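*Asks:* Handing you a structure now.
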Amino acid sequence: MREELIELIIERLGRDEDSIRSEFNDPERPIKTKFSAIDDLLPEDIAQRISNAFPASEKMRLLDSFREKKYTSKSLDEFDPLIADITFAFQDRRIIDKVAALTGIEDSVGDPHLYAGGISAMERGHFLNPHLDNSHDGDQKNYRVLNLLYYITPDWKPENGGNLELWDEAVKTPVEIPSLFNRLVLMSTNDKSWHSVNEVKAAGRRCCISNYYFSPHSPNGYETTHVTYFMARPEQKLRRLVTKIDSDLRTLLRRVKKGGFAKKDVFEGSSDAKARTK
C-alpha cells in the first residue's frame, strides 16, 4: 500500500505544482512563515480508510501541560499498518525531492526515526500554544526546515477549532488554516515561524499525521540553536512570562548538553516500517 500512496501523493503534488509553489512563496503575506495548503491529497476512499485505521486515544500518550494538551504516538508498528504506510510515505526520497522542488528548500533529508514526527489526536479542550519548533534533528547536525501536516478527520469544520495558526513575529495576530479532512499543509520552519493549534471546541477528534524535513543549511541564513520554544497566546500575559522562563531555561540546558537530558522519543519499530529516506 505504501508504494501506491507514494505514487498518488507525487501525482497530486505534480497536478497543481505551479499553484503550490506560488502559494508557498507568496510575498504578500503578513507573516514570515511560508506555507501551502493542498486539499484532496488522496482519493477520498483511501483518506477515509486512513481515518478509520487511526488508533484510539487510549492507545496513545497524553501530553498535558501549560504548553499543550494532545494525544501523540510514534509507536506505529503497534497500529494498523496503513498508519505506518502513510506516515513513512512522506519520508520516501521521491516525495522529499518533489516537495523540495516545490518549496525551493535545498538538500532536504527525511526523519526516518520520527524524531520530530508521528501521529496526534486532539479532543475537546485540547490545544497547542504558540511555539517555535526545535531547531535541529536529534543529533544536532541538521536544521529543521519544513513541517508536513496531513489532516484526516472527516467532516471537520473550521468552527470546531483545532486549526493551525501561523503568527506574526510578535505573536499578536495569527493566520488561521482550518484542519480540513484530506488536507496537507507544507509549512516552513525557522526562528520566526511561530505556530499553534487553537483550542478544540467540538466533540470528536482532530487527527493529524506529522512529518518533518531537515537540511544541513540553516533556514535563517545564520547558525542558531534552540529547543522547542513556547510562547503563550496574546491574552495569556502571566503564562507568557512563565513560558519564556521555561523555554529560556530549557534552551540553556540544551547548550550545556547538546543531546539533551531526557531520553529521545523516537520510532523504535522494525526496519520494514521505514521508508527510503537517504
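The values are calculated or read from the model by the stated rules, or taken from the named source; none is laboratory data. Computed from a prediction, not measured in an experiment: that's the story for all the values here. Cβ: placed from backbone, ideal geometry, glycine included. Neighbour counts: every protein chain shown.
*Asks:* Taking only pairs six or more apart or across chains, which ones have beta-carbon atoms under 8 Å, a first residue in segment 164-175 that is on the phi > 0 side of the Ramachandran plot, and a second residue that is assigned to a strand (DSSP E or B) and at pLDDT 95 or above?
*Replies:* Hits for this filter: Val171/Pro130.
*Asks:* Among the residues of segment 129-166 satisfying the criterion of being of a type in the set (Gly, Ala, Ser) and at pLDDT below 95, which is surrounded by the fewest Cβ atoms within 10 Å (Cβ to Cβ)? Spell out how you get there, then give the answer.
*Replies:* Taking segment 129-166 as the starting set, the residues that turn out to be of a type in the set (Gly, Ala, Ser) are 135, 138, 161-162.
The next check asks that each one be at pLDDT below 95; those that pass are 135, 138.
On the way: Ser135: 24, Gly138: 18.
My answer is Gly138.
*Asks:* Still on this model: Residues of segment 222-251 being loosely packed, with under 14 Cβ neighbours inside 10 Å and either within 22 Å of the chain's Cα centre (by Cα) or among the polar types (S, T, N, Q) (or both), which ones? Full working, then the answer.
*Replies:* First, pick out the residues of segment 222-251 that are loosely packed, with under 14 Cβ neighbours inside 10 Å: 222-224, 235, 237-238, 241, 245, 248-249.
Matches in segment 222-251: Thr224 only.
*Asks:* Please go through segment 140-172 and pick out each residue that is touching a Pro at 6+ places or on another chain (Cβ under 7 Å) and among the β-branched types (Val, Ile, Thr).
*Replies:* Step one: of segment 140-172, the residues touching a Pro at 6+ places or on another chain (Cβ under 7 Å) are 142-143, 145, 158, 163, 165-168, 171-172.
Hits for segment 140-172 are Val145, Val171.
*Asks:* Looking at segment 64-114, which of its residues are within 30 Å of Gln236 (Cα to Cα), acidic (Asp, Glu) and in contact (Cβ under 8 Å) with a residue 40 or more places away in the chain?
*Replies:* Our first condition is that a residue be within 30 Å of Gln236 (Cα to Cα); within segment 64-114, this holds for 64-73.
Going one step further and asking which of them are acidic (Asp, Glu), we end up with 64, 68.
Correct list: Glu68 only.
*Asks:* Restricting the search to segment 103-149, which residues are polar (S, T, N, Q), touching a helix residue (DSSP H, G or I) at 6+ places or on another chain (Cβ under 9 Å) and over 23 Å from Arg61 (Cβ atoms)?
*Replies:* Thr103, Ser108, Gln140
*Asks:* Another question, then. Here is a list of conditions, (1) surrounded by fewer than 17 Cβ atoms within 10 Å (Cβ to Cβ); (2) aromatic (Phe, Trp, Tyr); (3) under 15 Å from Ser120 (Cβ atoms), and Phe54 meets all of them except one; can you say which number that is?
*Replies:* Phe54 satisfies every listed condition except (1).
*Asks:* Before we move on, is Ala170 over 17 Å from Ile119 (Cα atoms), at pLDDT 95 or above and out of contact with any strand residue (DSSP E or B) (no Cβ under 9 Å at 6 or more places or on another chain)?
*Replies:* Working: over 17 Å from Ile119 (Cα atoms): yes; at pLDDT 95 or above: no; out of contact with any strand residue (DSSP E or B) (no Cβ under 9 Å at 6 or more places or on another chain): yes.
The answer is no for Ala170.
*Asks:* Among the numbered criteria (1) at pLDDT 95 or above; (2) of a type in the set (D, E, K, R); (3) within 16 Å of the chain's Cα centre (by Cα), which one does Glu199 miss?
*Replies:* (3)
*Asks:* As an exercise: evaluate Ser65 against (1) at pLDDT 95 or above; (2) out of contact with any helix residue (DSSP H, G or I) (no Cβ under 8 Å at 6 or more places or on another chain) and give the number of the one condition it does not meet.
*Replies:* (1)
*Asks:* Looking only at segment 1-48, count every residue that is under 21 Å from the mean Cα position of the chain (by Cα), basic (Lys, Arg) and surrounded by fewer than 17 Cβ atoms within 10 Å (Cβ to Cβ) and tell me the total.
*Replies:* Qualifying residue count for the region: 3.
*Asks:* Output the number of residues of segment 95-128 satisfying the condition of being buried (at least 20 other Cβ atoms within 10 Å of the Cβ) and on the phi > 0 side of the Ramachandran plot.
*Replies:* 2
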